[in-house]
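Comments concern the structure below.
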Amino acid sequence: METFKCKMCDAVLNVREGTTIYVCEYCGTRQEISRGGYDEENAESLLKRAFLFLKEGEWGHAKVYCDMVLERDPENGRAYLGKLMADIKVKREAELAEIAMDYRQNDYLKKAMRYGDPQMVDDLKSYYFEAVYKLAVKIMDSAVRERDYNQAADQFRSLGGYKNAAELKRICEELANEKKIETEKKLYEDEINNKINVRRYLICFSILALPIILIFPTVLSLFNDPFFVSRFLLPVMMIATFWGIFVWNYFNWQININYQIFLFFSVGDNFIISYLINYLFYNISVGRALIFMSICSIVFGFIGDRLGKRKVEKRSKK
């Protein structure tokens, strides 16, 4: 019996003397057992098997047979080519040009370029140039941001004069610049809109809160001068409520307003004013006053909503 090490799993194998092919009992890898010096014919046979494994998508087995060759000939360019194909998972050599990938930094490619014959080196150059070109076109076609266009431009730039890479690089740089200007413009507009929206919020809250604020002097004046309340404070509170509802609905199409807060203020205003109307005018019930206030609120809210929507539509058409 002879002892050998499995090329795939490093398990120790005990085989009969004279055996040349053995299947590992641990990982199932079929491999050749070497006992002699380096044989060109034997190496070619191993590479042939490696490329057959590649066609079948058996990446691990293909690497094992390429490693068998490299152990005897560390400068075999075809073996490095096989390992490159297994590493990026392509079944045929021509597929190296069909994938959209930049594999120029792959160590196996570098070694294949270093030790391969001139024809193989030329083929590999054409393969990875085409692969990078396809990757750049793919990035360009799916680009939506400045960063994407810059990435595509960098890839085209690395190709030099390959095909129309120089022209596509220029286009990507122009599109990246347009996206940059567009982004800066949007950021500026957002900043301005945020400032405007803050002012709109303050206006809405101040108008809706005005009747509630006025309730305090109103309550105090009820004990002394009901005439003042009925002739001055009450109409002001009603107008402020209706105007606040109108403004709130008008701005709702331009900023995202919290309706829960809006309903709290408007319903609260309506109840307060309805009770004041009932207190000051005894022949009007709270229910009737509340119905009157609610109808007016709906009308003012509807008018504000329509006018706000129309303004936004006009702005979007421009």
Inter-site label distance for Arg157 and Ile298 at 7 Å from Cα along Cβ, in nm: 6.5
Nearest-0.05 FRET efficiency for Lys311 and Tyr275, computed from C-beta distance (R0 25 Å): 0.10
Share of pairwise Cα separations in the stretch 65-116, more than 16 Å, in percent: 36
Sites Glu56 and Cys9, calculated FRET efficiency, Cβ-Cβ separation with R0 22 Å, nearest 0.05: 0.65
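Values in this text are rule-based calculations from the coordinates and carry no lab data. Everything numeric in this text was worked out from a predicted model, so none of it was measured. Don't worry about glycine lacking a Cβ; one is built from the backbone with ideal geometry, like all the others, and counts go over all protein chains shown.
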